[in-house]
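Please read the structure below before turning to the comments.
The values are calculated or read from the model by the stated rules, or taken from the named source; none is laboratory data. What you see is a predicted model; the values in this text were computed from it and never measured. With ideal geometry, Cβ positions are generated from the backbone for all residues, glycine too; neighbour counts draw on all protein chains shown. Please note that ligands, DNA and RNA were not included when accessible areas were found on the heavy atoms of the full protein model with its side chains. Shrake-Rupley method; radii C 1.70, N 1.55, O 1.52, S 1.80 Å.
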Amino acid sequence: MSAALPEEPAPGGSASAPSAEQSGNSASPGPRSLRALLRLPVVQAPMAGGAATPELAAAVSGAGGLGFLAAGYKTPEAMYEQIRAVRRLTRRPFGVNVFVPPASPHPSEHGGETPAAVEVYRAQLAGEARWYDTALGDPEQGTDDAYDGKLAVLREHPVPVVSFAFGCPSARTLRSLSERGTLTVVTVTSVAEARAAQRAGADALCVQGIEAGGHQSTHHDDPYADGAGVGLLALIGQVHESVPLPLVAAGGLMRGGQIAAALAAGAAAAQLGTAFLPCPESGAHPLHKQSLTDPLFARTELTRAFSGRPARGLVNRFMREHGPYAPAAYPQVHHLTAGIRRAAAAAGDAQGMALWAGQGHRLARTLPAAELVALLAEEVEAARAELLGGQES
């Protein structure tokens, strides 16, 4: 079983990088190629909030894919401890995902709403706080997610791959990581964002379609554009013809046949998040895992209800009642609702939790991560063989 990766240019036009088998999970001097880091075209999405554990990342990487840690919502120290944990579990390459902070700490200055709108939402959530017997969080407790501190750790202790969400880092930041042997990946949701990432010096792009679970990684959060994203296959084609960088496809992918379609459209690999949520190595709450295939949760929607930024999740009571009124204010709303989400989880109430999931959630399979990677690779090969057989006939 071998779902070989398609050929791709080495990032930055460099010569072929040393193989992952030779270099282990530490970054080494010089640019790396995405193809050199993967035996199989399967990337585990960096799901912030606890789902992406060191055990999950190590299992995926050990099986020939690329596992990821999520630095989002963690301190630099906690991120570093998870990096050390992965290195104790595997010698294979892995990645770390970092949130790019908004250009302005005040939502109204970058297309969002005013602090007054956040206070109105706080008042609306007062009943939720009483119901769950918890306090609402401080919306102003921080907006940069300790970005500079995390970058300092990643420069001092380089990892094979660093990906970015919610924006494009500066050229200086990307260069500083590349100089330490780290392959840099910027998540994009449009051709314009892809071109900006190329200009900044990204080595590869994660192309996120609107089908993706969790937060939409738009570089500028425009509330007037909610729901206007592009489907994955169309977006891969547009970016592939516009930007000569390796592409990782993300958005609703759950089966090897879908991965094969993304590869045929121009991607070098596929990133799956919801597919890995039910794995025993995942840190997702048991209710979250069960909800993926529970008939009670029949569909997903994009909502600002939990974080103030568009994110796709299973439609539940909280989303229905508060989504239409949530302001465009990230991470202020995220901080505001944190206590409610924790209390709902502790009470075993899925109706008050953020059940992030992609559109393919009903196809979730409860398998150990390594078995899931192997099965996906087999399905990719089967889809390719079927396609070739059809062409020959």
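Of note:
- The test for being of a type in the set (Asp, Glu) and surrounded by 23 or more Cβ atoms within 10 Å (Cβ to Cβ) holds for Asp203.
- Scan of the range 211-227 for residues that are within 23 Å of Ala261 (Cα to Cα) and either open to solvent by less than 20 Å² (accessible area, probe 1.4 Å) or modelled with pLDDT under 95 (or both), ordered by number: Ala212, Gly214, Gln216, Ser217
- The range 60-101, subset in a loop (DSSP other than H, G, I, E, B) and under 17 Å from the mean Cα position of the chain (by Cα), residue surrounded by the most Cβ atoms within 10 Å (Cβ to Cβ): Gly65
- If the condition is being at positive phi and more than 17 Å from the chain's Cα centre (by Cα), then the range 224-252 contributes only Gly227.
- Matching residues, the range 340-390, being β-branched (Val, Ile, Thr) and within 17 Å of Val42 (Cβ to Cβ): Val373, Val380
- Residue in the range 323-332 that is touching a residue at least 24 places away in the same chain (Cβ under 8 Å), open to solvent by less than 20 Å² (accessible area, probe 1.4 Å) and within 17 Å of the chain's Cα centre (by Cα) present: yes
- Verdict on Gln208 being closer than 26 Å to Ala36 by Cβ and open to solvent by 40 Å² or more (accessible area, probe 1.4 Å): no
- Of the residues making up the range 112-154, those that are more than 12 Å from Gln332 (Cβ to Cβ) and among the aromatic types (Phe, Trp, Tyr) are Trp131, Tyr132, Tyr147.
- Each residue in the range 236-250 was checked for being touching a strand residue (DSSP E or B) at 6+ places or on another chain (Cβ under 8 Å), open to solvent by 10 Å² or more (accessible area, probe 1.4 Å) and in a helix (DSSP H, G or I), and 1 pass.
- Residue check, Ser291 open to solvent by less than 20 Å² (accessible area, probe 1.4 Å) and farther than 19 Å from Ala250 by Cβ: yes
- No other residue among Ala305, Ala284, Ala270 is among the aliphatic types (A, V, I, L, M), closer than 27 Å to Pro54 by Cα and either open to solvent by less than 10 Å² (accessible area, probe 1.4 Å) or assigned to a strand (DSSP E or B) (or both) apart from Ala270.
- Taking the criterion of being among the small types (Gly, Ala, Ser) and touching a strand residue (DSSP E or B) at 6+ places or on another chain (Cβ under 8 Å), the residues of the range 168-195 that qualify are Ser178, Ala194.
- In the condition set (1) under 18 Å from Thr300 (Cβ atoms); (2) surrounded by fewer than 22 Cβ atoms within 10 Å (Cβ to Cβ); (3) in contact (Cβ under 8 Å) with a residue 24 or more places away in the chain, Leu355 is compliant with all but (2).
- Filter result for Ala370 (surrounded by 17 or more Cβ atoms within 10 Å (Cβ to Cβ), under 21 Å from the mean Cα position of the chain (by Cα) and closer than 26 Å to Glu301 by Cα): no
- Of all residues in the range 252-267, those that are touching a Leu at 6+ places or on another chain (Cβ under 7 Å) and open to solvent by 10 Å² or more (accessible area, probe 1.4 Å) total 6.
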